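Q: Here it is: the structure, laid out below.
What follows draws every value from the coordinates through simple rules; no lab data is involved. As the structure is a prediction and not an experimental result, all values here were calculated from the model. Cβ sites come from the backbone with ideal geometry, for glycine too, and all protein chains shown count toward neighbours.
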Amino acid sequence: MQAGHRVAICEQVEDPKLAKTVVKREVVEIVTPGTALSEKLLDHKSNNYLASVYLQGAQCGVAYGDFSTGEFYLSEVPLENLVNYLQEISPKEILVPRNLNEPLRQSFDKKIAAIITPLDDWIFTHKFAYETLTAHFRTPNLKGFGAESFKLGVTAAGAMLHYSRENFQNELGHVQKLAVITADDFMILDASTRRNLEITNPIIGQDREGTLLSILDATVTPMGGRRFKQMITHPLVSLEKILERLERVEAFFKDSRLRKALRERMGEISDLERLLGRIATGRASPRDLVTLKNALEHIRPVREALAKAGHEQLAFFSQNLQDVDAVVELIAGA
């Protein structure tokens, strides 16, 4: 996988006692660099993005997602910004139409550390992509996601979802949202700027100690680590959103008792996003379910601590943590 190869996983699909000749086996999953779910293949503090690109004239539709966590995004960017945009996302694999022009494909190969996977052109048709997405989300249209007018982005997203479902041999029920990213949301940093600022990689060598990420990242959960990396590699543009984030940071900064209590609790929570991804795709073990139960047991204390803190900016987090006691009891009684 690290060398960019695909792996076909086969399993026997009949009882050996009933087989008249060789036991029947079938391919049940195709694992690629952009669709890996195994913990052994993933960096717990980095997203494992699969990206998809569709071009029309000087405009490009881009979709990317991490199917180990259920994240799914689409965007549209000018062709001149495409390589920078993909470098910022840093996908492990990029899906392109088979008829993609050769100079652009070579540019991907030279400037982006990802394998390029060509797909049949019919997969990158808007009608097929739109129907794939609406069928998956069980919606009559994509207006609820704000994606209705992003035809190129929708085309890229539908192609990526189709490819992933075919590889996983699964409906990917944990992918429940599609987020539209626009130029008004985040600043796009070119490769030279990212390198000179040493945000995630040093100018010289491969040792990431001393980079901005290594200095600032004090997260105690894999989910927090991935989210923090997203935040510093995708700087906010909106002043309103920047101020909102700063107010929440200030609330935690001023309440050291709350901060310490939450860090202790959060440190006991495993990688819920990827656990749920394995469960949703039928790849979880009994041990994964026990790990999930142990992690969910900390949700109620975290929610109560946030609610009691009395900070208006932290109420958002408390209100969005659902009651999971029934799930804990179900797993415990299994």
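Q: Suppose the filter is in a helix (DSSP H, G or I) and either under 22 Å from the mean Cα position of the chain (by Cα) or exposed (fewer than 13 other Cβ atoms within 10 Å of the Cβ) (or both); does Tyr73 pass it?
A: On the way: in a helix (DSSP H, G or I): no; either under 22 Å from the mean Cα position of the chain (by Cα) or exposed (fewer than 13 other Cβ atoms within 10 Å of the Cβ) (or both): yes.
Taking the combined requirement at face value, the residue does not satisfy it.
Q: Out of (1) under 30 Å from Arg283 (Cβ atoms); (2) part of a helix (DSSP H, G or I), what's the single condition that is false for Lys127?
A: The single condition Lys127 does not satisfy is (1).
Q: Still on this structure: I need the full set of residues from segment 245-274 which are hydroxyl-bearing (Ser, Thr, Tyr) and surrounded by fewer than 16 Cβ atoms within 10 Å (Cβ to Cβ), in order please.
A: Within segment 245-274, just Ser256 meets the criteria.
Q: Name the single residue, out of those in segment 166-201 being assigned to a loop (DSSP other than H, G, I, E, B) and among the hydroxyl-bearing types (Ser, Thr, Tyr), that is surrounded by the fewest Cβ atoms within 10 Å (Cβ to Cβ).
A: The residue in question is Thr182.
Q: Restricting the search to segment 107-144, which residues are closer than 26 Å to His174 by Cβ and either small (Gly, Ala, Ser) or in contact (Cβ under 8 Å) with a residue 40 or more places away in the chain (or both)?
A: Ala114, Ile115, Thr117, Leu119, Ile123, Phe124, Ala129, Leu133, Ala135, Phe137, Gly144
Q: Return the residues of segment 194-211 that are among the aliphatic types (A, V, I, L, M) and within 22 Å of the chain's Cα centre (by Cα); say none if nothing qualifies.
A: Selection gives Ile199 alone.
Q: Which condition number in (1) more than 19 Å from the chain's Cα centre (by Cα); (2) surrounded by 12 or more Cβ atoms within 10 Å (Cβ to Cβ); (3) outside any loop (DSSP other than H, G, I, E, B) is the one that Cys10 fails?
A: Result: Cys10 passes all but (2).
Q: Can you find a residue that is among the polar types (S, T, N, Q), assigned to a helix (DSSP H, G or I) and without any contact (Cβ under 8 Å) to a residue 24 or more places away in the chain anywhere in segment 240-260? Before you say what the answer is, go through the steps one by one.
A: In the first step, residues of segment 240-260 are kept if they are among the polar types (S, T, N, Q); the result is 256.
Then keep just the ones that are assigned to a helix (DSSP H, G or I); that gives 256.
Restricting the remaining residues to those that are without any contact (Cβ under 8 Å) to a residue 24 or more places away in the chain gives 256.
There is at least one residue in segment 240-260 that is among the polar types (S, T, N, Q), assigned to a helix (DSSP H, G or I) and without any contact (Cβ under 8 Å) to a residue 24 or more places away in the chain.
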